[in-house]
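Before I ask anything, here is the structure I am working with.
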Amino acid sequence: ASIAVEFKDFVTVLEAPLSESRSLAVIEEVKKLIPNKPIKYLVNTHHHFDHSSGLRTYVAEGAAIVTHEVNKAFYQKTFKSPHTLIPDKLELAKKKAVIESFTDKKTITDGVRTIELYHIAGNLHNDGIIMIHFPQEKMLAVCDMFPRIPADAPIPQPSPFTVNLIENLNRLKLDFDVILPFHGTVTNKTELMRVSGRGN
């Protein structure tokens, strides 16, 4: 999934999964829903293919790629690599990628709306995985942190990814109620506690 976040003069898109065609469809929909505002940033949670295979399309669109520092060298190489057998939008546009990387925290704001990007430290899923916090809206966007467990199903042994996420949320003292999952069915704090074995 991808999420579009509207700011005063620009749009930030969260995630570019799967392919160029998927990114082109998302970009087209963003332009319909939020006209006359450029996509300034594409936030990438981590380098796994199902979260990054559409990144080159956003570079061609002129968006800066925002990601954790551990991904920067890999993406610099990826964006410079030729794509000539079946040229993609970036190969045709010949644009230079802008990568804004960070280690612990980065904020994107227009002075009114703010999103905060945090490294999920010590997570076994990926060294550089990040989550996105919406402090005013009390929302959290996360991926790959919990298994898909039906609401009425018993909880198996909690996933180490989920346990680590809870540890990071407690460490950072993030205030949220709603979860926007890129994968999975956990959509609120109560359900997150349940799948972590810390709730009823």
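Rounded, prolate or oblate: which fits the range 67-115, taking a ≥ b ≥ c as square roots of the Cα gyration tensor eigenvalues, rounded meaning a/c under 1.5, else prolate when a/b beats b/c?
oblate
Give the angle, between 0 and 90 degrees and rounded to the nearest 10, that separates the Cα long axis of helix 160-172 from the longest principal axis of the Cα atoms of the chain.
For 160-172 against the chain, the angle is about 90 degrees.
Please work out whether the range 1-127 counts as rounded, prolate or oblate from its C-alpha gyration tensor, where a ≥ b ≥ c are the square roots of the eigenvalues and a/c under 1.5 means rounded, while otherwise a/b larger than b/c means prolate and anything else oblate?
Since a/c reaches 1.5 but b/c is at least a/b, the shape of the range 1-127 is classed as oblate.
Taking Cα pairs under 8 Å and at least six residues apart, what relative contact order does the chain come out at, in percent?
Taking the mean separation of contacting Cα pairs over the length of the chain, I get 15 percent.
Multiply the residue separation of Lys72 and Phe49 by 0.36 nm, subtract the distance between their alpha-carbon atoms, and state the gained length in nm to one decimal.
The span from Lys72 to Phe49 would gain 6.8 nm if fully extended.
Solvent-accessible area per residue for the chain at a 1.4 Å probe radius, Å²?
Roughly 50 Å² per residue, with all protein chains present.
Go through 53-63, 115-125 and give me the packing order, highest mean Cβ count within 10 Å leading.
Per-residue Cβ counts within 10 Å, averaged per peptide and sorted highest first, yield 53-63, 115-125.
Further question: Measure out, as a whole number of angstrom, how far apart the alpha-carbon centroids of the range 170-190 and the range 1-66 sit.
22
Summing -39500 (n - 2.57) over the DSSP H runs of n ≥ 4 in the chain and dividing by its residue number, what mean residue ellipticity at 222 nm do you reach, to the nearest 500 deg cm²/dmol?
The helix contribution divided over the chain gives -8000 deg cm²/dmol.
Within the accessible area of the chain, what % is carbon and sulfur when the probe is 1.4 Å and the other protein chains stay in place?
55
Put a dot 7 Å past each Cα toward the Cβ at Thr190 and Ser21; how far apart are the dots in nm?
Once both label points are built, they end up 4.1 nm from each other.
Based on the alpha-carbon gyration tensor of the range 34-89 and its eigenvalue square roots a ≥ b ≥ c, which shape applies: rounded if a/c is under 1.5, prolate if not and a/b is larger than b/c, or oblate?
Verdict is oblate for the range 34-89.
The values are calculated or read from the model by the stated rules, or taken from the named source; none is laboratory data. The model shown is predicted, which means the values in this text are computed figures rather than measured ones. Backbone-built Cβ (ideal geometry, glycine too); neighbour counts: all protein chains shown. To get the accessible areas, we keep the full protein, side chains included, count just its heavy atoms, and leave off ligands, DNA and RNA. Shrake-Rupley method; radii C 1.70, N 1.55, O 1.52, S 1.80 Å.
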